[in-house]
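S.K.: Once you've had a glance at the structure underneath, I'll fire off some questions.
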Amino acid sequence: MARKQKISREQIEESIKAVGAANVTLAQQDLSHLKNLSEINLAEVNLKRAKLGAVNLQQANLAKATLENVNLKGADLSQADLSGAKMFRVNLEGATLENAKLVGAYLGSAILTNAFLKGADLTKANLHFADLRGADLSQTILEGTHLKYAKYNEKTKWPEGVRASLTGAKFTSR
């Protein structure tokens, strides 16, 4: 049985250049060997069920990308653009999203436990049923953010002046 060849950053960038990002799919690919994808343009790329755990995606453009069921556990997405991204059931446990742009992103049922989102823009983002336990949301922009049934605990840090009980989120001691 032939061994599956690992894809390189250069191959990804060449494919996007050749056919356009909307026509590129990296669905179900294990990209965790690509430790540094900082500043890469993956806007509109299909990354459904891809493995990107602990990858450096600082300042990456992932606007309107499909990141459903993607493993981004421990990844660094500082200053990344995730505007309009579809991130249903994404695993962002322990990930860094400092100053990331998540305007209009869909993060339904996302795992954000112990994630660092300080300064992130979550304007009109949907976090229904997201797990925010232990997440640092200090200085985030939550204007129009949907948090109904999102879970949080005493370790969750909210922006100054935000009363979590009024967001529709549910406190859990676990």
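Throughout, read-outs are computed from the coordinates displayed, never taken from laboratory work. Values in this document were obtained by computation on a predicted structure and should not be read as measured data. No Cβ is skipped: glycine too gets one built from the backbone with ideal geometry, and neighbour counts run over all protein chains shown.
S.K.: What is the extension gain from Lys35 to Thr172, computed as 0.36 nm multiplied by their sequence separation minus the C-alpha to C-alpha distance, in nm to one decimal?
M.R.: Details: separation 137, 0.36 × 137 = 49.32 nm, distance 3.45 nm.
Result for the pair: 45.9 nm of gain on full extension.
S.K.: Follow-up question, since we're still on this one. Counting other Cβ atoms within 10 Å, keep those with at most 14, restrict to DSSP loop, and tell me which chymotrypsin sites (Phe, Trp or Tyr not before Pro) in region 95-155 are left.
M.R.: Here the sparse-neighbourhood loop sites are Tyr149.
S.K.: I've got another one for you. When we measure straight from the Cα of Lys155, which aspartates and glutamates land under 20 angstrom away, once same-chain ones fewer than 8 places off are left out?
M.R.: In chain and number order, the partners are Glu93, Glu98, Asp131, Asp136.
S.K.: I would also like to ask the following. At what distance in angstrom do the alpha carbon centres of region 106-120 and region 31-63 lie from each other?
M.R.: 16 Å
S.K.: Excluding same-chain residues fewer than 8 positions from Lys6, which aspartates and glutamates have a Cα within less than 20 Å of its Cα?
M.R.: Once the sequence-local aspartates and glutamates are set aside, what remains near Lys6 is Glu14, Asp30.
S.K.: So, one more: In which sequence would Thr123, Thr145 go, from the one with the fewest C-beta neighbours within 10 Å to the one with the most? Please list the in-between numbers first.
M.R.: Working: Thr123 17, Thr145 23.
Least to most surrounded, the residues fall as Thr123, Thr145.
S.K.: Right, something else. For Cα extents along the principal axes in Å, which listed value, (1) 58, 45, 41; (2) 80, 31, 28; (3) 52, 31, 21, comes from the coordinates shown?
M.R.: From the options (1) 58, 45, 41; (2) 80, 31, 28; (3) 52, 31, 21, the structure gives (3).
S.K.: Here is a follow-up. Would you work out the relative contact order for the chain, in percent, from Cα pairs under 8 angstrom that are 6 or more residues apart?
M.R.: Relative contact order here is 12 percent.
S.K.: Go through region 81-171 and name the GluC sites (Glu not before Pro) that are in a DSSP coil and have 13 or fewer other Cβ atoms within 10 Å of their Cβ.
M.R.: Answer by residue number: Glu143, Glu154, Glu160.
S.K.: Which links in Lys17/Lys51; Lys35/Lys118; Lys48/Lys124; Lys17/Lys157; Lys35/Lys170; Lys124/Lys157 stretch past 31 Å when you go from one Cα to the other?
M.R.: On the way: Lys17/Lys51 22 Å; Lys35/Lys118 23 Å; Lys48/Lys124 22 Å; Lys17/Lys157 41 Å; Lys35/Lys170 35 Å; Lys124/Lys157 19 Å.
Cα-Cα > 31 Å for Lys17/Lys157; Lys35/Lys170; rest within.
S.K.: For Arg89 and Gln5 in the same chain, what is the full-extension length gain: residue separation times 0.36 nm, less their Cα-Cα distance, in nm?
M.R.: Net length gain for the segment: 27.5 nm.
S.K.: Which log10 I(q)/I(0) values does region 77-166 give at q = 0.11, 0.22 Å⁻¹ under the Debye formula, counting every alpha carbon as one identical point scatterer?
M.R.: -0.22, -1.04
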